[in-house]
Structures are given as C-alpha cells and as structure tokens.
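The values are calculated or read from the model by the stated rules, or taken from the named source; none is laboratory data. Given the structure is predicted, the values throughout are model-derived calculations rather than measurements. Glycine gets a Cβ as well: all are built from the backbone with ideal geometry, and neighbour counts include every protein chain shown. SASA here: full protein model, heavy atoms, side chains in, ligands and nucleic acids out. Shrake-Rupley method; radii C 1.70, N 1.55, O 1.52, S 1.80 Å.
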Amino acid sequence: MPKITIDDKEFEVEAGQTVLQVCLDKGLFVPHYCYHPKLSIAGNCRMCLVEIEGRPKLEISCNTPVAEGMKVRTKSQAVVDAQKSVLEFILVNHPLDCPICDQAGECKLQDYYFQYSSVPSRFKEEKVHKPKAKPLGERVMLDDERCILCSRCVRFCDEVAGDAELCIDNRGDHSTVSTFNGQPMKNAYSINTVDICPVGALTSTDFRFNKRVWFLQKTKSVCTGCSTGCNITMDHEGGVVYRYRPRDNEAVNQCWMCDEGRVTYKYINDDRILSPLVRKEGGLERTTWENAWNQVRMLLQNYSPDQRAALLSAQLSNEDLAAWHSLVTTQWTGAAQYGTGKVVESPSEDTLLRRADKNPNSYTTRALGLKPLDLGKCKLLFVVGEASETDLHTIATKKPEVVVVISSNSSTKFEFADVVLPLATFAEQDGTFTNYQGRVQRFHKAIAPRGEAKAAWNIASHISLLEGGKIPDTARDCFDLLAKSVPAYKSLRWDELGDEGKLVD
Amino acid sequence: MEPILTKRFAVSNAATIDGYMATGGYSTLSKLFTMTPAQVIDEVKASGLRGRGGAGFPAGVKWGFVPKTTGKPIYLCVNADEGEPGTFKDRELMTKDPHALLEGIIITCYALESHTAYIYIRGEMFQELQILQRAIDEAYAKGFLGNKVAGHDFKLDVYMHRGAGAYICGEETALIESLEGKKGQPRIKPPFPAVVGVFGCPTVVNNVETLMAVPYIIEKGAAEYAKIGVGKSTGTKLFSVSGHINKPGNYEIPLGLPFSEFLEKQCGGVWKGRKLKAVIMGGSSVPILTAEEAMKVNLDYESLGAAGTMLGSGGMVIMDDQTCMVTALKILGDFYHHESCGQCTPCREGTGWIQKVLARVVRGEVRPGDCDLLLSVATNMQGRTICVFSDALAMPVKSYIQKFRHEFEDAGKLGLRKGQQIQTWE
Ligand SMILES: Cc1cc2nc3c(=O)[nH]c(=O)nc-3n(C[C@H](O)[C@H](O)[C@H](O)COP(=O)(O)O)c2cc1C
Ligand code: SF4
Ligand code: SF4
Ligand code: SF4
Ligand code: FES
C-alpha cells in the first residue's frame, strides 16, 4: 500500500485511488463540482485543484492517481488562489438568482463561494443570457443560466440510467445542456439529475417553487414504491411531506431512486380518511373512536373467532404485520389470515432498482406464511391496509356478513365496508420494512398522524384489548414480537438496525 | 540547403503517382522492409525530429511510448486539421506532394506495427481532401497500400476523415473524440493517447509536416538529417509567413536561421518600406515578440524559447509599425472565445471575459484597471485546464499587454484613432 502525504499528514492508501478520493475518505475536504463517486471522471470544473510536489502545475485531484511518496497540498496559497479564481470564473455568467432559486440553502456554489472566495466579482461586462425554463423532460426543468456545465447530469443519463438522453450543445460560454433532437428525457430515473446537479440549474417540476429548503425538516425513511425499499430522506414541514430524496445505502440503492417512487409521497398528503366511519342507513358516517371500538366490540361478540379473518397488506410495516399476525393466530383461535397488497397492471421493472412487486414488505407477508384470500366460512373480515383490486372485487361480490376496512386513503374502493378505521401512513410512525433481499430497514416517524389516524399495530392492540388480550402497544415491542415469532428474524434487534438495515438470517 | 519537404513544389505533376515516382517517390520502402520496426523508431529518435504540430515533442520518443503487446490494434492519426491562425503549411504540403505524406504514413505505421491510419483533415479543406483521396486511391492501385504494402507482408489501410471546422479538433485528444463520432473536445490526461487513444486503443497522433520529414530520414539516415539545424532543433521547418510582408508564403528553412536574415533575404522585408513593430513567431497562440526582440532570435526551438516565445506551428505573422495592438489582440480574443470547447471553467469563462473587455477597449471605453484585470484573468486561465487552449489565449494577452501596455491605456485616453487601427490587406 503506497504512502502519501497530504497537508503534512501521512496516510496509507490503496493503489489506484485518486488523490480526491483519499482526501474525502480521510476527511480532508477538497471542493469539487464535476466529480461524483458513481460517475466517470470529467475533470472539467477545475475546482479540485491541488498542489503536488515536483509537478510544475496544479493538478486536478479527481484525476490524479496516488503514487508512493506523493506529497499533496490542499491548502497552499496557490491552491487557495486557484479555488478563488475558479469560483470567480463560474460566477462570470451565473445569474444572481439566489433569492428565488430552489437550490438556495443546498447550493454548492453558494456554499463554496462563502467558504473559499467571499470576494466581490471583478466581472463588469454583460452576462451571457440563456433560457430560464427549458423542460428537459416531464419531470425535470433546466434553468440554463444557472448551469455550471459540470456534465454530471449528462453522465448520469449515459452511465447510470443507461440512455444517453442528455448532451451539451454548442461550445464555449454558449454551451447548454440539451436533449438529443430536443426529445424529452424519458428515463425512469431522471429526477436524480436534480439531486446531483450541484446548483439550481435542474429542478424537479414536482417540487420547484414549493418551499424554501431551510424550512424543511428531514427524516430518514424508506420508499414504499416497490420491494427494493430505496433509502430516502423525507422532507416535510407542518405535517405535509414535500419530497423524497435518495439516501445513500450501497447495499440497496447506492445513492439513487426512481422517478415513480419519488412521487409516491403524495398519498400521505391527499385524500386521507381522517376519522372512523360507520355504516348508517344511506352510507358511511363519521364517528368517534369510542363509538368505533364499541361497534367492533359488538362484532366480536357476534362472531366467534373461527368466523373471523384478516386480510393483511404487504404495504404494512413489520410491526403492523406482527401485531395482526399475533392477534389472529394467538388470540382468535381458528381465525384465518390472508395476504394481499398492491398489484398494478404491467408493472415497471429493470435491473437498476425498480421491481415489479410494488409493495415494500412482501418479504414479511411471505415469511408469515400469509395465503391468498379465500373467504370460505368467514363472516367477519378485517381488511388491513391496501388490498389488490382482485381481492377487493372478490370481497364485493362474495360479501362476508361484515367487513371492517382499515385504510389511510379515501380513494380506496370500500363500498362494502361496514366500519372504516383511519390508518396512519408509514410517515406518521416508526417502523421497519423488509425489502426483497430480506433486508430489514428502519423508517422514522416524520409527521403526526393525519386527523385521528392510527397505526395498524396500534389498532390491533386496541382490538385485542376489547377481548382482554395484550398485543403490545409500541412499534418496538411489536418488532420484538416478530423477532420472537419468525425464526429468520430471531437475531434482529430494533436498536441495532442502524441507518442501513440488517439482513434476516 | 537541399529542400526536404518542399523539394517537389516545383514539379508540376508531383501530386500524381507517376510524377511522384519519377522523382524518387516510394523508393525508401525497399529499404524500410529490410529494417525492423524498432530500428525505424531508433532511426527517427536519432534524427532528433520533433513534432511540427506545435508542441515540438520528439517524434521517435512518442512512437516509443506505444505498448505493442496489448493485443489491441494500434492506430496512427495524421493531424491535418491545421487550424492555428497564421498557419498554412500542411495545406500546401498536402496539395503539392500528397504521396510524400502517404510514404511517411507507411513508414510510421510500419514502425508502430499499425495497420490503420486516419487522416483527420480540416473540413474546410475540401480540395485538399480530394487530392489526398486521389493519391490514396492511386497508392492502393499500385499496391503501396492494402493487404501487401509494396509486395511485403505488411497490411495498411488509410482513411480520410473530415472535420467539421472546429479549431479545437486539432488538439490531439479532441481529434480522437471527433474521429470516434463524438463532440470534439479534449480528453483529460492521463491516460495518454499512446496508451488509450482511438476506440480505446494505443494511438499516435502526428502532424502532416512531421510525417513528411520521415521518408528523408529513412532514405538518408538519421545522421544526415541531424546535420541540418542546430542543437536539439534538427532538420528543416516550414514557416508560413503572412501579414505586413512583401513576399508572404511558405518557406522551408534549416532550423536555427536568424530571423533578421529570414525576414530580409527570403521574405523581402516589411511591406511598403515600413518598420517592423512586432512578430508572432509560431502561430497565434504564442507570446508576441517586439521588433527588437525578434531581430535577436534565431528560428529554432531553443532560441525562441529563450526569448520567451515558442516556435509552435511555424505560423509567422509580421506586423508593421502602423498596427494597432489593441485591435490585433481583440481579433485573437474573438477567435479564442468563439473556439473554446467550453468544458473547463477557466477557459470557457475566461475567453468570454477577455473578449468582452477587449471589445470594450477597442470601442474606446476603457476603465481604470483594465490592463491589470486582463493580466490577472489571463494568469488565472493558465495551466489550469484540460488542454492548453486556455493558455493559447492567456499567453498572447499577457505578452501584448506587457509589451504594448501604453496602447491599451491610450485607447481609453484618446479613443482609438483611425490611423492606429490595423491596416486592411491591400
Ligand atoms: C488548441 C490546439 C489546437 C491544435 N491544433 C493542431 C493542428 O491544427 N494541427 C496539428 O498538427 N497539431 C495541432 N495541435 C497539437 C496537437 O495536439 C498535437 O500535439 C500534434 O498534432 C502532435 O503532432 P506532432 O507531435 O507531430 O506535432 C493543437 C493543439 C492544441 C492545444
Ligand atoms: S444556483 Fe446557487 S448561486 Fe445560483 S442562483 Fe441558485 S442558489 Fe444562487
Ligand atoms: S444542469 Fe446541473 S448537473 Fe447538468 S451540467 Fe448543468 S450544473 Fe451540471
Ligand atoms: S482548455 Fe478550453 S478548449 Fe481546452 S478542454 Fe478546456 S475548455 Fe476546452
Ligand atoms: S472535481 Fe476535479 S475537475 Fe471537477
């Protein structure tokens, strides 16, 4: 292993690494724009220049391989001057849009300017003007004047999304990011270009102008769009979720997520069921939890355990599933439990991230041995979480005597429901999902439950109590319940899941 | 001096294969095939031949960098892009003696063990393209190209590729990108083309003039070639002379000739009996010399280097004492601003910034500090980019201002007077 010296400190490094990689690994930050760990080296921004003893010129650290005995300076006067000048050059044609720019607050140009320059520009000529709102595709908008031409977005499409949809047209200071033949960018991962754009040039049409980013709170979570379970940061404020951004997890999603998953947050905000509903003549009417519990108590009195069944969705968390599984199998002797989940027609799928199973937790529904719906002798059915169209159709046609629907959104079809209980979304609780790999991943409570919604494990706990049972009433305890009841989950501990999750045995 | 590169310029049918062969053309090939590739490389190394495209890198040394055991094909790219303002030598060479280029290509490919050569020709040179293509067709017909070159067990194909008129495509890695069908912009180095070039394979890029000196070296031997010239500047070089000169044109001279002698004896001196003001010695990118400096230099790599400039491509521009240096520099600013490929921040933004300041100064709208600003911007553009294009504007800017600063400052005080402006060509 070669040894190199950076700013008078000696490091053992791996042959083949670049100076920039080493600096970043060792916590000696070197500013950079075009370098991205998942993309090829472009070497165009010139922000990462460092001094290397014995070389006549400054070198870009992103493309300089380490060599035995190399002496690197990242803070010498020459480097500091070069950083200042590169920033001055970038700002030559950069508009003063910060007050209205979506990137403000998370902009690498603002940040580096304050850290490495902070001097007024000497450029007093007319700037080059370019289009301010050029759609690159349905989901991505380009402000050409803000673009610093780092080519990250171009390389992303070519190298990660697998389709060279973007290019840089023209040359010199008239260069502009474009799509070939002006055709809209269509790749399934296009919004990642917005994430990796170091400035406010690319914005997501879904998010732009919605929020100043510094008002957003960030919560670590997991995308529920499919069984991959991409790690995300959920950005929210005042009980409203504004966007998802991918969070690094090398074992799952690297640092990307798909566009489809990106917009799945909308169901958290819209069309929510805010309170329990009970069927009266003419339709479902709002009621209190107290009334709802009374209704459920009556139903439980009317139907013996072997007449009951629960249809559990793969959209539910491990904690929800554990609680319901326990309720049905240990308390309701003779009752049946079935699995369901979201099923879409011709689901998207590829080798990068997207999987055809659009549920975040099918792994656990399988681990619990949940079988396809069969109404059989069932008279009292609990539908917990989102069910497939087919299952809803079966229930509607072969209607059991009473159906209790536990659902978060009013867009679900449940004309057949006798009682509806409002379900909290995953954003409103702590919990875990197990992705297709068997990786148990933690999501954190971001916002308070909308209206009077409750988590499914919480509802199970209440129902259990109606008959004197004792299903735990915290997510953590429900998780332990799962670890106890499913052998593959035995060694898992809630506190040890970390940010990147743990594989089941 | 016996001309090497221009010896057939007076032969009217030299561009045809018959005319070429009648004057000894393709005769070195019989000797070539008695040598090993390594011997050819050694011979060219020993000759001291340096690249004539601008950088002056020893040709034989460059060839020696090519790894031959990678299992990948090896390519030769002939740089016929000739875009440097003031340079027009390759064009005349290709027009008047196209087979000599092909002979140089055959020798070089044999040395490199390469079986494919691409001639990347500037898009505007359509006639030259046709002339070369005709020569290639003739050479195939006569068996000098193809599966058995001159009857020997050596295969070589030569293809023409037309550029689309970007100066930057003369830079060797931009040329390679363009040849591959991509946008012509330089690649970051490492890796160097000798290892990863065209289609990811080992590649040598050489200038037309460089390759055209090779047949002589093989025919007469390295020692004979190295006798011409001085020190590390061996052989002859073509200078393209233009500007305020009595006899503009291409001149082949032995390296080391004093500029003063060259100017007076061969080029007929400054036009209209005027005095010399300044000279661009080696193409628009090199630092300018004042008349006084120019009169002291010899035309070789070392002497020009010692004088703070470069021999470059040999594009020599003569400026008389009525030349407005502000306007002259502004023209360069326009050119480099227009031609920057735009990848690197300092070049993309710096060329535009300098062009805008110069355009303003030429309008007479000088602001205090403009000269220092230009010097500082130029300094910040130097040595910090993917290719040396950025330096190619920075160097003129710095030298013009350092040497003619009063003209830039007066432009503000007086406004540019008409008499000061660059003369139109007569
Ligand atoms: C901006 C730029 C333009 C260039 N244009 C040319 C050109 O038109 N012709 C040429 O032969 N070399 C040109 N070069 C030099 C080439 O990069 C390269 O060094 C040369 O072709 C190598 O050949 P040589 O070693 O035979 O000189 C240019 C370099 C730069 C940086
Ligand atoms: S990209 Fe950054 S610097 Fe540019 S306008 Fe937006 S916030 Fe300001
Ligand atoms: S749009 Fe953003 S990512 Fe793309 S080149 Fe411009 S600055 Fe870079
Ligand atoms: S220096 Fe200029 S021309 Fe060369 S690669 Fe950079 S931007 Fe392009
Ligand atoms: S990060 Fe190295 S040049 Fe951009």
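Some observations on this one:
- Consider the stretch A:113-139 and keep the residues that are more than 14 Å from every other protein chain (Cβ to nearest Cβ) and either assigned to a loop (DSSP other than H, G, I, E, B) or open to solvent by less than 20 Å² (accessible area, probe 1.4 Å) (or both). The one that is farthest from A:SER204 (Cα to Cα) is A:SER118.
- Restricting the stretch A:345-393 to residues that are in contact with a Lys or Arg (Cβ under 8 Å, 6 or more places away or on another chain) and in a strand (DSSP E or B) leaves a set whose member that is farthest from A:CYS258 (Cα to Cα) is A:LEU380.
- When the stretch A:118-130 is filtered for residues that are modelled with pLDDT of 95 or more and within 15 Å of ligand 2 (Cβ to nearest atom), the ones remaining, listed by number, are A:PHE123, A:LYS127, A:VAL128, A:HIS129, A:LYS130.
- Within the stretch B:153-186, the set of residues being aliphatic (A, V, I, L, M) and either within 11 Å of chain A (Cβ to nearest Cβ) or part of a helix (DSSP H, G or I) (or both) comprises B:ALA166, B:ILE168, B:ALA174, B:LEU175, B:ILE176, B:LEU179.
- If only residues of the stretch B:342-378 that are more than 26 Å from A:ILE168 (Cβ to Cβ) and out of contact with any helix residue (DSSP H, G or I) (no Cβ under 7 Å at 6 or more places or on another chain) are counted, the one that is farthest from ligand 1 (Cβ to nearest atom) is B:PRO368.
- Within the stretch B:364-391, tally of residues that are surrounded by 21 or more Cβ atoms within 10 Å (Cβ to Cβ), under 19 Å from B:LEU332 (Cα atoms) and aliphatic (A, V, I, L, M): 5
- Checking the stated criteria, A:ALA42 turns out to be touching a residue at least 24 places away in the same chain (Cβ under 8 Å), of a type in the set (Gly, Ala, Ser), within 11 Å of chain B (Cβ to nearest Cβ) and open to solvent by less than 60 Å² (accessible area, probe 1.4 Å).
- Residue-level check: of (1) buried (at least 21 other Cβ atoms within 10 Å of the Cβ); (2) more than 10 Å from chain B (Cβ to nearest Cβ); (3) among the β-branched types (Val, Ile, Thr), A:ILE52 misses just (1).
- Within the stretch A:214-260, being closer than 19 Å to A:ASP357 by Cβ and aliphatic (A, V, I, L, M) holds for A:VAL222, A:ILE232, A:ALA251, A:VAL252, A:MET257.
- Within the stretch A:84-100, being more than 11 Å from chain B (Cβ to nearest Cβ) and open to solvent by less than 50 Å² (accessible area, probe 1.4 Å) holds for A:PRO95, A:ASP97.
- Whichever residue in the stretch A:152-178 is open to solvent by 20 Å² or more (accessible area, probe 1.4 Å) and assigned to a loop (DSSP other than H, G, I, E, B) and, among such residues, is nearest to the other protein chains (Cβ to nearest Cβ): A:ARG171
- Scanning the stretch A:468-487 for residues that are farther than 11 Å from A:ALA322 by Cβ and either touching a strand residue (DSSP E or B) at 6+ places or on another chain (Cβ under 6 Å) or modelled with pLDDT under 95 (or both) yields A:GLY468, A:GLY469, A:LYS470, A:ASP473, A:PRO487.
- Residue in the stretch B:111-128 that is aromatic (Phe, Trp, Tyr) and in a loop (DSSP other than H, G, I, E, B) present: no
- Test: residue in the stretch A:230-241 that is out of contact with any Leu (no Cβ under 9 Å at 6 or more places or on another chain), within 30 Å of A:CYS45 (Cβ to Cβ), open to solvent by 50 Å² or more (accessible area, probe 1.4 Å) and more than 16 Å from ligand 5 (Cβ to nearest atom): no
- Scanning the stretch A:141-170 for residues that are in contact with a helix residue (DSSP H, G or I) (Cβ under 8 Å, 6 or more places away or on another chain) and in contact (Cβ under 8 Å) with a residue 40 or more places away in the chain gives A:ILE148, A:LEU149, A:ARG152, A:CYS153, A:PHE156, A:VAL160, A:ALA161.
- Taking the stretch B:392-407 as the range and being open to solvent by 20 Å² or more (accessible area, probe 1.4 Å), modelled with pLDDT of 95 or more and of a type outside the set (S, T, N, Q) as the test, the residues that pass are B:MET395, B:LYS398, B:LYS403.
- Failed criterion for A:GLU12 (all others in (1) open to solvent by 50 Å² or more (accessible area, probe 1.4 Å); (2) within 16 Å of ligand 1 (Cβ to nearest atom) hold): (2)
- Near pairs, Cβ below 8 angstrom, 6+ apart or cross-chain, from the stretch A:81-109 (among the aromatic types (Phe, Trp, Tyr)) to any residue that is away from ligand 3 (no atom under 14 Å from the Cβ): A:PHE89/B:PRO346; A:PHE89/B:GLY350; A:PHE89/B:TRP353; A:PHE89/B:ASN380
- Conditions (1) open to solvent by 30 Å² or more (accessible area, probe 1.4 Å); (2) closer than 27 Å to B:GLY282 by Cβ: number failed by B:TYR120: (1)
- Contacts under 7 angstrom Cβ, first residue in the stretch A:402-423 being touching a residue at least 40 places away in the same chain (Cβ under 8 Å) and under 19 Å from A:ALA455 (Cα atoms), partner part of a loop (DSSP other than H, G, I, E, B) and charged (D, E, K, R), 6 or more apart: A:VAL404/A:ASP418; A:ASN409/A:ASP271; A:SER410/A:ASP271; A:SER411/A:ASP271; A:PRO422/A:GLU452
- A count restricted to the stretch B:360-378 and to residues that are within 11 Å of chain A (Cβ to nearest Cβ), farther than 26 Å from A:GLN83 by Cα and part of a loop (DSSP other than H, G, I, E, B) stands at 2.
- Flag if A:VAL66 is closer than 28 Å to A:GLN254 by Cβ, away from ligand 3 (no atom under 16 Å from the Cβ) and either facing chain B (nearest Cβ under 8 Å) or not basic (Lys, Arg) (or both): yes
- Some residue of the stretch B:79-92 being open to solvent by 10 Å² or more (accessible area, probe 1.4 Å), of a type in the set (A, V, I, L, M, F, W, C), assigned by TED's automatic domain parsing to the domain that holds B:PHE154 and away from ligand 2 (no atom under 16 Å from the Cβ): yes
- Test: residue in the stretch B:47-60 that is assigned to a helix (DSSP H, G or I), in contact (Cβ under 8 Å) with a residue 12 or more places away in the chain, of a type outside the set (Asp, Glu) and open to solvent by 10 Å² or more (accessible area, probe 1.4 Å): no
- Being of a type in the set (Asp, Glu), open to solvent by 40 Å² or more (accessible area, probe 1.4 Å) and more than 9 Å from chain B (Cβ to nearest Cβ) is a description that does not apply to A:GLU145.
- Number of residues in the stretch A:15-39 that are open to solvent by less than 60 Å² (accessible area, probe 1.4 Å) and within 14 Å of another protein chain (Cβ to nearest Cβ): the value is 9.
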